[in-house]
1. In the list GLU133, GLU142, GLU127, which residue meets the criterion of being assigned to a strand (DSSP E or B) and modelled with pLDDT under 95?
2. Taking the options LEU83, LEU73, LEU46, LEU132, name whichever one is over 17 Å from the mean Cα position of the chain (by Cα) and hydrophobic (A, V, I, L, M, F, W, C).
3. Test LYS11 against the criterion of being at negative phi and either of a type outside the set (D, E, K, R) or touching a residue at least 12 places away in the same chain (Cβ under 8 Å) (or both), and give yes or no.
4. Can you tell which of GLY209, GLY186, GLY172 is under 20 Å from HIS16 (Cβ atoms), at pLDDT below 95 and not hydrophobic (A, V, I, L, M, F, W, C)?
5. Criterion first (without any contact (Cβ under 8 Å) to a residue 40 or more places away in the chain, crowded, with 18+ Cβ neighbours inside 10 Å and either over 21 Å from GLU7 (Cβ atoms) or out of contact with any Asp or Glu (no Cβ under 9 Å at 6 or more places or on another chain) (or both)) does ILE102 satisfy it?
6. Scanning segment 180-207 for residues that are in a loop (DSSP other than H, G, I, E, B), in contact with an Asp or Glu (Cβ under 9 Å, 6 or more places away or on another chain) and not aliphatic (A, V, I, L, M), which turns out surrounded by the fewest Cβ atoms within 10 Å (Cβ to Cβ)?
7. Find the residue count for segment 155-173, including only residues that are in a loop (DSSP other than H, G, I, E, B) and surrounded by fewer than 21 Cβ atoms within 10 Å (Cβ to Cβ).
8. Can you tell me which residues in segment 224-236 are under 18 Å from SER42 (Cβ atoms) and part of a helix (DSSP H, G or I)?
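The values are calculated or read from the model by the stated rules, or taken from the named source; none is laboratory data. For clarity, every value in this text was computed on a predicted model and none was experimentally measured. All Cβ positions, even for glycine, are placed from backbone atoms using ideal geometry, and neighbour counts span all protein chains on display.
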Amino acid sequence: MLVSAKEMLQKAKAGHYAVGQFNINNLEWTKAILLTAEECKSPVILGVSEGAGKYMTGYKTVVGMVNGMLEELNITVPVALHLDHGSYEGCQKCIEAGFSSIMFDGSHYPIDENVAKTKELVAIVKEKGISLEAEVGSIGGEEDGVIGRGECADPEECKRIADLGIDFLAAGIGNIHGKYPDNWEGLSFETLDAIQKLTGDMPLVLHGGTGIPEDMIKKAIDLGVAKINVNTECQLSFAAATRKYIEEGKDQQGKGFDPRKLLKPGTDAIMATVKEKMELFGSVGKA
């Protein structure tokens, strides 16, 4: 059954490793991530953006699909189903649909409004045992049409949000969604360290995990990051493997188009990517 992400991230921070959040877009992606988590004996967070939720026809469909897979695939590792960069209204819908974790992205609001809306959601999720992630300082790049430039969060504002009773905090430290440009200056560990000192045992979240050098990933974990989001790298590996399969003409085989065969190389590539990240984050065997 689905679980809150709270306990798995508290264990991760105490154990100096991170749990990966891998975004899902369809049945094949979900199956690939769950099977890899089970193979690696790693806890895992399935991320769903509002755009992906709409693509999959709605949040109830997503919950039904994931719950069905947990049973049919005999998944024994902890799995959280998490709304990624949710609006206030999107959070409400996911709570009703049966998600076990949500993220409210109030980073684009003035801090007082971010605090007010986050506080309202804290009261709701506590009654239902759902974990809540909040954000301070917008993450760069584009996520479902929301564009951020990769700013660094104000540590004092992070403390205001953390003190509301959220379960984990995403704070901008110069990270972006998508591929990092050649002139990217890297993560601001000075900002991360300041946030860590003010928020104490609060697990911190690193968005935009694709393309960050391994040494930066490991240093971020040492400074309190317990959840790392990966999406773009899965998209790139899926697209490359699928493109190669088509270019080699293997999708025809004299029998016409078979979508199950077409999608298999891409989902195999996702499994390899997820396994590589779980090893890097140190979550293998931590279920």
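1. Values: GLU133 fails: modelled with pLDDT under 95; GLU127 fails: assigned to a strand (DSSP E or B).
Just one listed residue meets the conditions, GLU142.
2. Working: LEU83 fails: over 17 Å from the mean Cα position of the chain (by Cα); LEU46 fails: over 17 Å from the mean Cα position of the chain (by Cα); LEU132 fails: over 17 Å from the mean Cα position of the chain (by Cα).
Checking each option against the conditions leaves just LEU73.
3. Numbers: at negative phi: yes; either of a type outside the set (D, E, K, R) or touching a residue at least 12 places away in the same chain (Cβ under 8 Å) (or both): yes.
Taking the combined requirement at face value, the residue satisfies it.
4. Details: GLY186 fails: under 20 Å from HIS16 (Cβ atoms); GLY172 fails: under 20 Å from HIS16 (Cβ atoms).
Residue meeting the stated conditions: GLY209.
5. Working: without any contact (Cβ under 8 Å) to a residue 40 or more places away in the chain: yes; crowded, with 18+ Cβ neighbours inside 10 Å: yes; either over 21 Å from GLU7 (Cβ atoms) or out of contact with any Asp or Glu (no Cβ under 9 Å at 6 or more places or on another chain) (or both): no.
Judged against the criteria, ILE102 is not a match.
6. Quick first cut of segment 180-207, residues in a loop (DSSP other than H, G, I, E, B) only: 180-188, 200-203, 207.
From what's left, in contact with an Asp or Glu (Cβ under 9 Å, 6 or more places away or on another chain): 202-203, 207.
Now narrow it down to the ones that are not aliphatic (A, V, I, L, M): 203, 207.
Values: PRO203: 26, HIS207: 30.
So the residue we want is PRO203.
7. Applying the first criterion (in a loop (DSSP other than H, G, I, E, B)) to segment 155-173 yields 163-167, 172.
From the residues that got through so far, the ones that are surrounded by fewer than 21 Cβ atoms within 10 Å (Cβ to Cβ) too are 163-165.
Residues meeting the conditions: 3.
8. Initially, segment 224-236 is screened for residues under 18 Å from SER42 (Cβ atoms), giving 225-231, 233-234.
GLU233, CYS234 - these are the residues of segment 224-236 that are under 18 Å from SER42 (Cβ atoms) and part of a helix (DSSP H, G or I).
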